[in-house]
Every structure is written in structure tokens, then in C-alpha cells.
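A short worksheet on the structure shown next.
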Amino acid sequence: MMRRNQWLAAPLGAATAAALLSGCGAADGSNAGSGKGVVMGISDKVKATDPASGYDPGSWLLFNNVYQSLLSFPKGGTTPEPDAAQSCAFEGADSKVYKCTLRSGLKFSNGNSLTSKDVKYSFDRTLKINDDDGPAVMLASIAGIDAPDDKTVVFRLKTADATFPSKIASGAGAIVDHREYPADKLRTDDKAIGSGVYKLDSFSDKSASFSVNPSYSGKAKAKNTGVTLKFFNGDQAALKAVLESGDVDFAFRGLAAKDIAGLAASKTGDSKVDVVQGTGAEVEHMVFNVHDPVVGKLPVRKAIAYLVDREALVKDVYAGTASPLYSIVPAGIAGHTTPFFDRYGGTPQPEKAKAVLKAGGVTGKVKVTLYSTPSRYGPSTDQQFQVIAKQLNDSGLFEADMKSVDYDQYEKDIAAGKYGIYIKGWVPDYPDADNFTQPFFGPGNVLQNNYENKEINGTIIPSTSAKADRTAANVDYDRLQDIVADEVPLLPLWQGKQYAVTRENVNGLQWSLDASTVFRFWEISKG
């Protein structure tokens, strides 16, 4: 599920990581909201209202506003801070016991008190249900949870996991009312009971309505009286039309790149719409199946790395709404380096590609097929791979074509090892280099490309996971990124910029377009 900007917080130091203490902000339970309600158009579906399911951007948008977590990411920051918790800290030096003390007076939107019992219940429930479309995988390091009193929660972890605070600050950490949610199955009535800034009033295939939760206790202050979501289910033209007509106040996720670029370029003093740009951490990679008889050969993968022109790709396909990416860790995330640029350059180098193929004993034109799935990664995905195939063919070294496949079949074929080259996108769960590395390597990785590296899996990832001072992990992340650039199990292509397109009287959207990827309803106001 993204990258760099002026709103990023400073790196987390060891002392700060060891004890997250609450900042300023009254927890008086008064949260009536101010200003007017706002209407938001979105192309994504909200696949779930129950946080034990839903591992998609639309669902997490709902979770981050309706449910509360022990910790949350502050606007413009990537370091989690207490939210439902008054304080949280690792106990001991091994990052395997994590203790939180709850705020006083926490209540769900139905008036029920929120205690440590609900926190334990929420995590245990997500792990027990283990929904295929849910975030249980993010909580796999939990060995057990204790709730010795109403305000104390203690997480015991199987292994050292310094990123655990970031994981529970995400949608995976949403707290539910134990009286409202069954312990062993998902809620199916499209309702949601949380303790977040907003409550869900209605939900359908076409829209969802949220009002400010008067029972909320936390630091956020709502700058509107409610939010209405209108769903356009991938219909980019319809979303653009209602924005221009004023039927929605702003649009987020789903406008075509050319439409965003066109609206930004045509902005004048008389324009009724504006484009707000923020940082993002969404990335897209060309993935190589290292067991494939063709791209399983390292010289072939390196030759492709020499030939792909990312600058042309983001200009011609994405109209400047993305940036070239030269590492698996995107810019704006601590630990980012640029090893693919350092090794293979920023422009095509056909002579070096030819030389690496010759040195590897690869003769004749290399035949490859690039597999795409627009139903998952958007209509530009096919165009992107068509452009890359042409770049490879223009070198005279490759005979490349592109095939587009429906997502369900695409995933089955990847699992069966039928593709040599395919596309994978990633929106982060939390803004840490760990979330761009750990899921991609070793058995069961999300790339399913059969790549394994003993140093990455056996040494680097365990080392980075144990370092509470995240800046201390950068040396290891440097090494990991260098290994990936040397062995090329994938080729980073681009990282997206986040955009909202808005009517001129809407403010505060910049605070929902940062590297945390948290969309904060409460920061939006309408004049």
C-alpha cells in the first residue's frame, strides 16, 4: 500500500522508542465537531466495516476514523503516539514485552466503557478469526496478551519486534466493543461500533455517512460535523464529473493520472477546483520469478534493469503523478537509499545490458512476456507494461510482449509459477522500512517469486526487528537494499504521490496526505 515530504517527523530516538508518553490535548469527551459537513468522492471500495477483516485502503480509511487504536500516527508524522493509551513502552531490553496503560474515561459510541478487556478481546479476536482478507498476519508476533486490570494491557511477543508500536497504530490495532462483536466470526450487518472520532451512521454500496462521535476521548478535534462518502467503484469519469459539478466537495484516490495532471495544469484564479499534493508511500515493482527458465538467469534480470526508463514511464503513463523509484524502500521512509540508480543508472544503457548478457552466456534475442492485471492495479498498469516492453524491444536485445489477465486468474497463475515477469503494487501498513522488506522475502512472501536470501532472512531482518531505535537499523537496511539491487529479484518502478482534488472552499486535506497513509476526516473543514 508512498513517500517523501516536508511534513515528515524526525527519526525516532532510542529513548523515545522505549517509552511513548501522551502529549498535550484534553481527553474531556467533548467532541461535537465544528463547521459544516463535507462530501467525499472515492473510487475505492470499502470492503469491510469489521476490522478483523478488510486489508485494503478503503476499509482502513473507515477503520482509522471510526475505531480507536492504542497508538496512532500524528498528522505529518511517522512515529506513533498514544491515542486510546495514556502511555506505552517496551519492558526489558529485548523488545518482547510491550505494556500500555489506557486513558481514563474511554467510551464506545454506544456509551459502553472501553477497558483493557476490550483491547485484549479485539486482538485475540482478529487472530482467532484469521480472515483471509484481514490483518491477522500483521499480529503474528503476538504470543499472548494479559489484562491484569481495567487500564493495563501487556503484549508478550514471540520474537523481538521493535515495529510493534507501528503495527498496532495501524488499522490492525482497531479496538472493538466485546459486547458487540462475536469472538469467532465476522460481523456481517455493515455496522461499526468504535471509540474513534466518528461513528458510522449508514453504509451501502453507494455511500456511507459518518457523524462526529460525542463519546470520543482523545487529542483529535473534529473540524466538521460529519463526512459523507460516495463510492464510484472505479468509475474515474463519473468521479471527475461530480467533482466539477460540485456534487462532492473533494475526491481522493481514483481520478485518472491525466485528469489530475490536467486539473493541476489548468488551475487559474477563476478555477473552482484545486489539486492538493502530499507525500505517499505506495510503490509498484516489476517482479521476477527466479525459478523461471528465462528471467531466472541473473544476467537477464540485470539487462532489464539497465533498460527500463522510469523517467519516461512516470511522464508518459502517469503524467507526473508518480516518481521514479530506485529501491525497495521508498523515499521519505527512514533507511531509503538508491542502489538501483547507483548500479544501473537513471537512463537506459543498452551497451551495458548487451555486455551483461554476453558475459552471462545469453545469446540471441531474449523472449519474455510481461503479465499485468488492471483490475487490481488500475488501467494504467497495462499501458505501463506496454511501454516497458517497447523499451526492451527498442534495445534490440529483447523480444517482449505484454498480456493482461483478470486478477483472480492472475493470482492463481503467479502461485503456480506460470509467469516469469509480473507486476505487484504495495500500499504500506505502517511507515517503516520493515513494512517494505519483511513481507517481500523468504517462504510465503507476498511476491511469490521464489527468491530467498539467507543473509536477509537469517541475519538482517531479525536484526532490524530488534532495534527499538529505528535509526540504528539503517545500516542493516542499507545492506539489504544493496543485496536486492545486486540479485534483482524485483525491479522497483515508481512510488506514487498522494492527491486530493477539491473544491476551493475545502481546507485541511494536506494533513491526510502524508507518509502514514492515514486519512484524517477530522482535519477537513469546509468554508
Considering only region 295-346, give the helices (runs of 4 or more DSSP H) lying wholly within it that have at least 2 residues that are touching a Gly at 6+ places or on another chain (Cβ under 6 Å), within 22 Å of SER516 (Cα to Cα) and open to solvent by 20 Å² or more (accessible area, probe 1.4 Å). none
Number of the exception - ILE193 against (1) in a strand (DSSP E or B); (2) surrounded by fewer than 22 Cβ atoms within 10 Å (Cβ to Cβ): (1)
Please determine, by comparing only the residues of region 470-523 that are among the hydrophobic types (A, V, I, L, M, F, W, C), in contact with a Leu (Cβ under 8 Å, 6 or more places away or on another chain) and at pLDDT 95 or above, which one is farthest from GLY171 (Cα to Cα). VAL488
Residue tally, condition over 22 Å from LEU102 (Cβ atoms) and modelled with pLDDT of 95 or more, over region 159-186: 4
Filtering region 370-404 for residues that are among the β-branched types (Val, Ile, Thr), buried (at least 19 other Cβ atoms within 10 Å of the Cβ) and at pLDDT 95 or above leaves a count of 1
With the requirement that a residue be within 18 Å of GLY196 (Cβ to Cβ), open to solvent by 30 Å² or more (accessible area, probe 1.4 Å) and in a loop (DSSP other than H, G, I, E, B), what does region 75-108 give you? LYS75, SER104, GLY105
If you go through region 499-512 one residue at a time, do you hit one that is in contact with a helix residue (DSSP H, G or I) (Cβ under 8 Å, 6 or more places away or on another chain), open to solvent by less than 60 Å² (accessible area, probe 1.4 Å) and over 27 Å from ASN64 (Cβ atoms)? no
Being farther than 16 Å from THR381 by Cα, touching a Lys or Arg at 6+ places or on another chain (Cβ under 9 Å) and small (Gly, Ala, Ser) is the filter here; which residues of region 298-345 pass it? ALA303, ALA305, ALA331, GLY332, ALA334, GLY335, GLY345
Say whether the condition of being under 20 Å from the mean Cα position of the chain (by Cα), within 30 Å of VAL242 (Cα to Cα) and surrounded by 19 or more Cβ atoms within 10 Å (Cβ to Cβ) is met by at least one residue in region 474-494. yes
So, first residue on the phi < 0 side of the Ramachandran plot in region 164-184, second residue crowded, with 20+ Cβ neighbours inside 10 Å and among the basic types (Lys, Arg), Cβ within less than 6 Å, six or more apart or across chains; the pairs are ALA183/ARG125
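The values are calculated or read from the model by the stated rules, or taken from the named source; none is laboratory data. None of the values given here were measured: they were computed from a predicted structure. Neighbour counts are summed over all protein chains in view; Cβ atoms, including those assigned to glycine, are modelled from backbone coordinates with ideal geometry. When the accessible area is computed, the model is the full protein with side chains, heavy atoms only, and any ligands, DNA or RNA have been set aside. Shrake-Rupley method; radii C 1.70, N 1.55, O 1.52, S 1.80 Å.
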